[in-house]
1. Just how far, in whole angstrom, is region 80-106 from region 160-185 if you go by their alpha carbon centroids?
2. Which of these, M101, M310, M30, has the largest mean-square fluctuation under a Gaussian network model of the chain (Cα springs below 10 Å)?
3. If you find the alpha carbon centre of region 368-421 and of region 305-365, how far apart are they in angstrom?
4. Spelling out what I want: for every residue of region 404-421, take phi, set θ = phi - 60°, compute 6.51 cos²θ - 1.76 cosθ + 1.60 (Karplus), and round to whole Hz; glycine and proline get x.
5. Add +1 for every Lys or Arg and -1 for every Asp or Glu among the other residues with Cβ under 15 Å from the Cβ of L228, and state the total.
6. Please name whichever of P248, Q381, A237 sits farthest to the positive end of the charge dipole of the chain, dipole taken about the Cα centre and charges placed at Cβ: Lys and Arg +1, Asp and Glu -1.
7. Taking the Cα centroid of region 10-55 and of region 195-251, what is the distance between the two, rounded to the nearest whole Å?
8. Rounded to a whole number, what % of the accessible area of region 57-319 do carbon and sulfur atoms account for, probe 1.4 Å?
Amino acid sequence: MSAHLGSLEEARALDRAAGEAALRRDAFHMPPGVSAYMCGNSLGLCPRAAQRALLGELEAWQKSAVDGHFKDWRGWYRYHEHARGPLERLVGARHGEVVAMNSLTVNLHLLLTSFYRPEGSRTKLLMESPAFPSDTFAVETHVRSRGLEPDTHVITVQGDSDGLFGVGCFERAIADAGDELACVLLPGVSFLTGEVLDMASIAAAAHEVGATVGFDLAHAAGNIPLSLHDWDVDFAAWCSYKYLNAGPGAIAGAFVHERHHSRSQAELPRLSGWWGTDPDTRFDMHLNDGFEPVASVDAWQCSNPPVMAMAPLLASLDLFDQVGMTELRERSLRLTSWLRSLLEFEGAPWRIITPKESHRHGAQLSVHLHIDAGTAQRRLQDQGVLADVRPPSMIRLAPTPLYSTFEDCWHVADAMRRCLT
Ligand SMILES: Cc1ncc(COP(=O)(O)O)c(C=O)c1O
């Protein structure tokens with residue numbers, strides 16, 4: 001490891017050289033007193049346009065009341081459809097494969113209802129360990145709701161002592177499970193280590209043994225380029241409060257591959273509500289009998305969209321459309337590699353566990369410290385650096401390309417050298 005301590009001047013020169021192409025810092029509120037915000041993988045910053053978007057809908061409600069469903073510039077009846085295009089571009093989906101709805105864990109339950117179909121000796125669901133607790137709870141309770149025991153019917157693939165999985169690990173486990181496997185549910189990017197999984201290869205392995213495959217993209221959406229349609233993923237879900245900057249508890253996203261859209265309710269059961277039906281005939285409700293799913297991912301919607309919660313999402317997605325994932329990823333790789341180069345030096349009292357190869361990491365670096373993570377977090381916060389922690393000794397640093405700069409990265413490394421060594 002070579003010492004590369006960098007300097008503030010070097011950081012500023014890198015910022016000047018990178019230019020403004022993908023940077024939208026002025027479009028966000030930076031919390032006062034913060035010199036480096038590294039928590040975009042946890043809660044993204046508030047886009048300035050969010051307030052206007054939200055107030056606009058409140059005003060529309062004041063002025064139009066029930067008429068707001070069908071008038072004003074974004075009628076609420078089809079409000080969620082405005083998020084569709086930008087989200088489809090972000091995750092690499094075709095038209096009709098993505099919908100903004102609910103929250104992430106709820107979407108996982110709705111999608112597992114359809115895509116985890118244990119039958120005969122094909123009953124197993126494969127996931128990773130350690131997994132995000134909500135995913136574990138969702139899977140365990142879901143499996144139990146089918147009258148099956150998680151201990152027997154959930155296969156957990158163990159990471160190494162750092163929580164890394166490595167190339168080919170899931171493909172091998174999937175092949176081993178063979179025709180006992182009903183469904184695979186894995187993250188696109190590990191919340192703990194920042195490791196990117198090879199989703200295309202995992203999807204192919206799952207289909208090879210006749211299983212369905214879905215991804216939790218909480219740490220992938222808005223972070224790395226995705227091609228869900230081309231990778232032949234069956235389903236996916238993500239939250240929008242991390243890299244997508246849509247606010248605390250923001251409306252989540254869901255993807256269902258188009259080959260499933262025309263399958264009947266008998267063939268592919270969906271937990272249903274009125275918003276899963278054809279919007280053109282939905283209000284003939286007393287004339288229709290039985291649930292007729294609309295032939296798109298919207299068939300998984302149960303309820304009408306919560307407009308006030310969705311307004312900030314639309315404001316935030318505008319920024320992604322302005323920049324595009326290709327530019328963002330390029331900037332992200334440069335920022336994260338530079339931060340890594342500042343933190344990796346001879347005798348550093350920490351260890352970065354996130355894989356180094358560019359196709360195996362996103363924005364986040366997970367760093368094992370030799371001191372308690374809570375203490376480190378407080379010391380960094382005193383220096384104006386906001387980083388998030390996973391006890392007992394991990395901090396996660398995520399330079400977020402829309403608003404983080406090389407100078408921010410320098411501040412992080414400088415603060416770590418001063419108060420954690
Ligand atoms: C990987 C992962 N899965 C699930 C969740 C839970 O999300 P929600 O509270 O939106 O259901 C999170 C939240 O941070 C997460 O990071």
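The values are calculated or read from the model by the stated rules, or taken from the named source; none is laboratory data. All of these numbers come straight from a predicted model, not from anything done at the bench. No Cβ is skipped: glycine too gets one built from the backbone with ideal geometry, and neighbour counts run over all protein chains shown. For accessibility, only protein heavy atoms count, side chains too; no ligands or nucleic acids. Shrake-Rupley method; radii C 1.70, N 1.55, O 1.52, S 1.80 Å.
1. After rounding, the separation between the Cα centres reads 27 Å.
2. The residue with the greatest mean-square fluctuation here is M30.
3. 15
4. 8, 10, 5, 5, 4, 4, 4, 4, 4, 5, 4, 5, 5, 5, 7, 10, 10, 10
5. -4
6. Checking the options against the dipole of the chain, the answer is Q381.
7. Going from one Cα centre to the other spans 25 Å.
8. Exposed carbon and sulfur together represent 53 percent of the surface.
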